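This report concerns only the one structure given below.
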Amino acid sequence: MSWIREGELTIIERFCANIIKAGPMPKHVAFIMDGNRRYARKCHVERQQGHSQGFDKLAQTLRWCLNLGIREVTVYAFSIENFKRSKEEVDGLMDLARQKFSRLLEEQCFLNVCFAYTSRHEISNAVREMAWGVEQGLLEPSDVSESLLDKCLYTSNSPDPDLLIRTSGEVRLSDFLLWQTSHSCLVFQSVLWPEYSFWNLCEAILRFQMNYSALQKARDSYMEERRRQQMERDQAYVAKKLQQEGVVSHGDSRRRWTLLQKCTAMREERIQSFLQALEHKRADFFERLCSVSA
Ligand code: IPE
Ligand code: IPE
Ligand code: MG
């Protein structure tokens with residue numbers, strides 16, 4: 001039996017899901033699943049039991065998301081900082097991750113797992129990779145932009161989360177998706193993750209719906225600003241080229257326009273080749289990593 005598909009919503013849950021679905025729905029939801037150890041303490045069970053129930057709650061939450069038509073979920077399962085916990089706890093979490101995620105993998109669901117992850121590490125890695133691209137002559141320094149950085153992140157194949165939920169009452173992001181959530185609705189809930197309920201999820205979605213138009217507006221104006229900045233960079237690049245060619249007159253607008261088109265197309269080409277080279281570089285890295293750990 002499928003882990004996330006087993007068990008249906010109750011009639012009342014289905015009824016409320018239908019009402020909520022009449023409003024704008026987040027397409028991508030991110031969770032900071034926090035509070036497992038406090039839950040274990042509260043219920044007088046072993047810490048590992050708290051973590052295990054946390055993983056089970058993820059399967060249940062994915063089922064609710066599926067029922068609500070949420071197509072993509074990203075979870076913070078283990079941060080790089082979490083390696084500082086006791087060896088016993090880290091080993092226990094690794095065992096659980098192996099067991100539970102291999103079960104979830106069979107589901108072919110819409111889940112991105114951030115494991116041994118921090119956002120600052122992801123962003124600095126993306127910056128290093130762009131620097132490598134320039135060093136290799138694959139990129140021009142002027143190709144470096146926010147939109148290229150987006151493409152170098154591990155999340156490049158996903159849209160940014162519409163809604164980010166953190167449980168357990170903590171109001172920090174703890175280094176999770178810092179770049180990707182600047183226009184997301186952030187919802188902090190006091191419930192401990194293993195106790196998360198369908199109603200907590202509905203409450204978070206309602207908060208997203210209440211803020212929907214402001215979020216859209218902020219996102220749209222950011223995208224507009226980004227397009228404008230790219231255009232400015234391209235124009236500056238063309239002006240520099242023309243200057244190098246000795247064309248100083250501003251009158252030759254036709255030449256300027258042709259060059260602008262050409263430069264934009266060449267930039268796109270450079271970026272595509274860089275991204276392909278990056279993919280190979282990453283694949284080689286993983287191959288080497290697997291052969292070392294095998
Ligand atoms: C989240 O719960 C799970 C992981 C970080 C792996 P915690 O283990 O942080 O539990 P609390 O927040 O200390 O209760
Ligand atoms: C964040 O929780 C990481 C995960 C939920 C995996 P932590 O409990 O590790 O974060 P801090 O210590 O409260 O910032
Ligand atoms: Mg915690």
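General remarks:
- When the P(r) is computed for the stretch 232-294, the part past 13 Å accounts for 71% of the Cα-Cα pairs.
- Percent RCO, i.e. relative contact order, over the stretch 151-216, from Cα pairs under 8 Å lying at least 6 residues apart: 35 percent
- For the chain, built as a Gaussian network whose Cα springs stay under 10 Å, the top-fluctuating residue of VAL73, VAL29, VAL187: VAL187
- Angle between the chain longest axis and helix 119-135 axis [Cα atoms, degrees, rounded to 10]: 30 degrees
- The Rg/Rh ratio for the stretch 1-102, using Cα coordinates for both the radius of gyration and the Kirkwood hydrodynamic radius, is 1.03.
- Accessible surface of the stretch 1-129, 1.4 Å probe, proportion on carbon and sulfur as whole %: 52 percent
- Per residue of the chain, the DSSP helices (runs of n ≥ 4 H) give a summed -39500 (n - 2.57) that works out to -19500 deg cm²/dmol at 222 nm.
- Think of each Lys and Arg Cβ as +1 and each Asp and Glu Cβ as -1; about the Cα centre, that makes the dipole of the chain roughly 380 debye.
- Alpha carbon centroid spacing (whole Å) that separates the stretch 249-294 from the stretch 24-78: 38 Å
- Candidates SER119, SER253, SER86, ranked by Gaussian network fluctuation over the chain, Cα under 10 Å, top entry: SER253
- Axis angle, to the nearest 10 degrees, between helix 87-105 and the longest C-alpha principal axis of the chain: 80 degrees.
- Per residue, in Å², the accessible surface of the stretch 135-294 once ligands and nucleic acids are set aside, probe 1.4 Å: 61 Å²
- For the chain, the antiparallel share of DSSP beta bridges with both residues in that region comes to about 0%.
- The Stokes-Einstein estimate for the chain, based on a Kirkwood radius over Cα pairs and taken at 25 °C with 0.890 mPa s viscosity, is a diffusion coefficient of 112 µm²/s.
- Distance violations [Cα-Cα > 19 Å] among LYS84/LYS281; LYS241/LYS262; LYS42/LYS87: LYS84/LYS281; LYS42/LYS87
- Its relative contact order, with pairs defined as Cα atoms under 8 Å and 6+ residues apart, puts the stretch 18-83 at 49 percent.
- Shape analysis of the stretch 148-234 yields a ratio of the Cα radius of gyration to the Kirkwood radius, Rg/Rh, of 1.05.
- Only beta bridges with both residues in the stretch 1-144 are counted; by DSSP, about 0 percent of them are antiparallel.
- D by Stokes-Einstein for the stretch 85-129, Kirkwood Rh over Cα pairs, 37 °C, 0.692 mPa s: 259 µm²/s.
- Take every pair of alpha-carbon atoms less than 8 Å apart whose residues are at least six positions apart; their mean separation over the length of the stretch 25-146 yields a relative contact order of 27 percent.
- Considering only THR118, SER182, PHE286, the residue lying farthest towards the positive end of the dipole of the chain is SER182, judged by Cα position with unit charges set on Cβ.
- Maximal additional length on extending the ARG228-ASP252 stretch stands at 6.4 nm, based on 0.36 nm per residue less the C-alpha distance.
- From most to least packed by mean Cβ count within 10 Å, the peptides 54-66, 224-236 give 54-66, 224-236.
- Cα-based reach from LYS21 at 25 Å (exclusive), listing lysines while leaving out same-chain residues under 8 positions away: LYS57, LYS217
The values are calculated or read from the model by the stated rules, or taken from the named source; none is laboratory data. Everything quoted here is computed from the prediction, not taken from an experiment. Glycine also receives a Cβ, built like all others from the backbone with ideal geometry; neighbour counts cover every protein chain displayed. What goes into the accessible areas is simple: the full protein's heavy atoms, side chains included, and nothing from ligands, DNA or RNA. Shrake-Rupley method; radii C 1.70, N 1.55, O 1.52, S 1.80 Å.
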